[in-house]
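Colleague: Take this structure, written in structure tokens, and hold onto it; I'll ask about it next.
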Amino acid sequence: MSRRMLLLTLALLAIACALPFVLTSYRTFQAALVLVYAIALLGLNIVTGYNGQISLGHGAFYALGAYCSAILMDQAGLPYWATIPIAGAACLVAGFLFGLPALRLEGLYLALATFALGVSMPQILKYHLLEKWTGGVQGIVIAKPEPPAALAAAGLRLDADQWLYFFVLAIAVIMFLLAWNLLRGRVGRALVAIRDHHTAAGVMGINTALYKSLAFGVSALYTGVAGALGAIAVQFVAPDSFNVLLSITFLVGIVVGGLASLSGALFGALFIQFVPNIADELSKAAPWAIFGAVLIAFIYLMPSGVAGALRALGARLAGQPKETRP
Amino acid sequence: MRPVLTASLSAVLALGLSLPAAAQKKYDPGASDTEIKIGNTNPYSGPASAYGVIGKSIAAYIKLVNDKGGVNGRKINWISYDDGYSPPKTVEMARKLVEQDQVLFLYQTLGTPSNTAIHKYMNMRKVPQLHVATGASKWNDPKHFFWTMGWQPNYQDEAKVYAKHILQTKPDAKIAILYQNDDYGKDYLKGFEDGLGPNNRKMIVARASYEVSEPTVDSQVLQLKASGANVFFNITTPKFAAQAIRAAYDSGWRPIQYLNNVSSSIGAVFKPAGLEKSAGLITTEYLKDPANPAHASDAAIKDFVAFMKKYYPDGDVTDRNAIYGYTVGHALEQVLKQCGDNLTRENVMKQAAAMKGFKIDTLLPGITVSTGADDYAPLQAVQLQRFNGQTFELFGQVVSTEH
């Protein structure tokens, strides 16, 4: 990480920490949702952006994470923070197992297979044999996490929304650091090599099958953690929350934000959180038409996503021609 | 001297009289001398967007009220957001309405899962979640959820009406039931069993369920037919209702058929099933159906048609959701009227729970809005109707399901 990037990241983090003290609690809640989506998009970006496997079913992993967390809190009485790693682990296993048969499928066929996963998830959640745990169509209502008493004793008074925001922020920072660490090294290069030329990557000695399944597993882990955090933030899970549109929204998010880019996940999250709201305010009759128009404008003006456009802008401002860095 | 004295005396009197009146004005967030802010969520996009007509129709009715000068001199500011029938979005939008837009209360938020998602939040915040647009029976629970109130006759009560009718008209009935396997289907099933009573439950000779994901219900219908039942209670949503009616007829099964109100639509169900195949079906209604020629000369329907023309010209007059929104708009106006100058959230709930036989002329004659401090179910009466192959014919008395 260059010095400039480090400074930029630290500045961004400082702003992120200040946000809940200047925003209303509703806006703080929205900011927490943006971070949740950013983690989910980061996960999808690992498998689609870096590894080139298109997934139209990541909403299913998001749902799995959300339900893991909700069921553990509701049935086993676990504290909310303890459910996050369990949800992540469950999704890692699920993603890895789904990745194994998916290995045989390339490109569009994989997209269809994952699409099937996304489509079927709401119905699996409604399945009557699982109802005892999932609550069926009714879903599960969970309690809002309160800030720990130790914090108030130390003189730091946070309301539930602020506490939730910081909790999500802390996990987001950890997840981004881990991803950065994973992707800049050997593993990241292997993933990109597989994306760019599958056969050549194999010839170079990369175990493509293992890496592709792992990419799926890790990606599902990220999305699952996001799902768990999302459930805690919204305090409710129901099958209707995780329809196939969610998976497609995630895909839109990473493309708009910027494929194969860590910061792209954050931009994408801002897009999928706020653009539908703005579209709804502009027109009750055709919110999706407005959303579509904005989407087309974004893709047309920034073909490599917001992150790519900013990178190009930065390069131009610094007076360097593009793509000359080693 | 005298005129001056009279004038000053009357001035003092006027002051004295107006002062306590001014002091009685009480406002919570969202209410002021000029405006009452009311929030709503509706699915304007997504799989359930057909229901979005309700939100638009209420908005149109509020425009009419405002054009007349508002309620007690205050204009209604109706803020309605799209939630796409997605519960997390409903939570976000409800929070936006309560915390950012600072509405006085939420009205007619639509959908069972969406309302479940904000149920706790609204009650914790002590903001009314009034006249929710769902037929689940759980909204009538003032003891635990003081701030949430239902609106339409609930599914269980409706099912009891069918059960009672069967007991009265066909005591030797052998009943087959088809139901959707979710909380809506089970709500109806429970109400129906309760309506038959424990001694008559054995009248149900067969039951079959289906998942929303299934392509058809043909095999379930054949299975029910094989039971030899002579009464068929059809608890299905429009697409499956049409399939079931057609499958029953085509297989040569001719039971007496009862169909839940959810699917009592000529356009969406009977036409695709075949009008002659649907003839004889029995269902319930509580609204005047603008598509029914029997109501064509009804003054209330004429008013409604004129309203649609002026305030909601792109809406479909025969869409049941449009007259639903128009009707519930009247209830909203009445609650606000009753509140007078005391526009606190608590008083909104108090007044909503004190509607004694309020008449809305688009409800069927004999059906009124009635609530109490321990009765949060405003509409609790329906009338049976039979489809004659062309249109619905109401028959019998209005049946109250008040316990």
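Colleague: Taking beta carbons within 10 Å but only from partner chains, what does the mean come to for residues A:131-137? Intermediate results must be reported in sequence, preceding the final value.
Modeller: Working: counts 3, 0, 0, 0, 2, 4, 11.
Per residue, the average neighbour count from other chains is 3.
Colleague: Can you quote the Å³ per residue value for the convex hull of the Cα atoms in region A:59-205, rounded to an integer?
Modeller: Per residue, the Cα convex hull of region A:59-205 comes to 148 Å³.
Colleague: In Å and whole numbers, how far do the C-alpha atoms of region A:265-325 stretch along each principal axis, longest first?
Modeller: Per principal axis, max minus min of the Cα coordinates gives 48, 20, 15 Å.
Colleague: Using a Gaussian network for chain B with springs between C-alpha atoms less than 10 Å apart, which of these wobbles most: B:PRO255, B:PRO378, B:PRO171?
Modeller: B:PRO171
Colleague: Per the Kirkwood formula on distinct C-alpha pairs, the Rh of chain A is how many angstrom?
Modeller: Value: 20.5 Å, from the Cα pair sum.
Colleague: Which of B:VAL317, A:VAL34, A:VAL237 comes first, and how do the rest follow, when ranked by fewest Cβ neighbours within 10 Å? Each step should come with its number before you reach the end.
Modeller: Values: B:VAL317 15, A:VAL34 19, A:VAL237 32.
Ordered from fewest to most neighbouring Cβ atoms within 10 Å, B:VAL317, A:VAL34, A:VAL237 come out as B:VAL317, A:VAL34, A:VAL237.
Colleague: Which order do B:HIS119, A:HIS58 fall in if you start with the one that has the fewest other Cβ atoms within 10 Å?
Modeller: Final ranking by Cβ density, sparse to dense: B:HIS119, A:HIS58.
Colleague: If one computes P(r) from the Cα atoms of region B:300-380, what percent of pairs lie at distances over 16 Å? Present the calculation step by step, with values, prior to reporting the outcome.
Modeller: Details: 1793 of 3240 pairs.
Cα-Cα pairs in region B:300-380 separated by more than 16 Å: 55 percent.
Colleague: Once every Cα of region A:171-326 carries one equal point scatterer and solvent is ignored, give the base-10 log of I(q)/I(0) from the Debye formula at q = 0.09, 0.18 Å⁻¹, two decimals.
Modeller: Listed by q, the Debye log ratios stand at -0.39, -1.30.
Colleague: Could you state, as a whole-number percent, how many of the C-alpha pairs of region A:138-193 are farther apart than 13 Å?
Modeller: Tail of P(r) above 13 Å: 71 percent of Cα pairs.
Colleague: Can you pull the Rg over Rh of region A:173-234, Cα-only, Kirkwood?
Modeller: 1.10
Colleague: Using the Kirkwood radius over Cα pairs, work out the Stokes-Einstein diffusion coefficient for chain B at 20 °C and 1.002 mPa s, in µm²/s as a whole number.
Modeller: So the translational diffusion coefficient is about 94 µm²/s.
Colleague: Please list, in chain and number order, the residues 5+ apart from B:ALA208 or on another chain whose amide H is under 5 Å from its amide H, with Hs placed from the backbone.
Modeller: Distant-sequence amide H within range of B:ALA208: B:ILE177, B:LEU178, B:TYR179.
Colleague: Output the relative contact order of region B:308-403, whole-number percent, from Cα pairs under 8 angstrom with separation of 6+ residues.
Modeller: Result for region B:308-403 is 15 percent.
Colleague: If you wrap a convex hull around the alpha carbons of region B:70-150, what volume per residue comes out, as a whole number of Å³?
Modeller: In region B:70-150, the Cα hull volume divided by residue count equals 96 Å³.
Colleague: On to the next question. Which helices count as membrane-span-like in chain B under these terms: full DSSP H, at least 30 Å along the axis by C-alpha, Kyte-Doolittle mean of -1.0 or more?
Modeller: B:2-24
Colleague: Dipole of the protein assembly as shown, Cα-centred, from +1 at each Lys and Arg C-beta and -1 at each Asp and Glu C-beta, to the nearest 20 debye? Write out the running numbers ahead of the final one.
Modeller: Values: 61 positive and 49 negative charges, 214 e Å.
Computed about the Cα centre, the dipole is about 1020 debye.
Colleague: Now, a different point. Using the reciprocal of the averaged 1/r over all distinct C-alpha pairs, how large is the Kirkwood radius of the protein assembly as shown in Å?
Modeller: Here the Kirkwood hydrodynamic radius works out to 28.4 Å.
Colleague: Using alpha-carbon pairs under 8 Å, 6+ residues apart, how would you state the relative contact order of region B:35-193 in percent?
Modeller: 18
None of the figures in this text is laboratory data; all of them are computed from the coordinates on show. The structure presented is a predicted model; accordingly, all values stated were derived computationally and were not measured. Here Cβ is always computed from backbone atoms with ideal geometry, including for glycine, and neighbour counts include all displayed protein chains.
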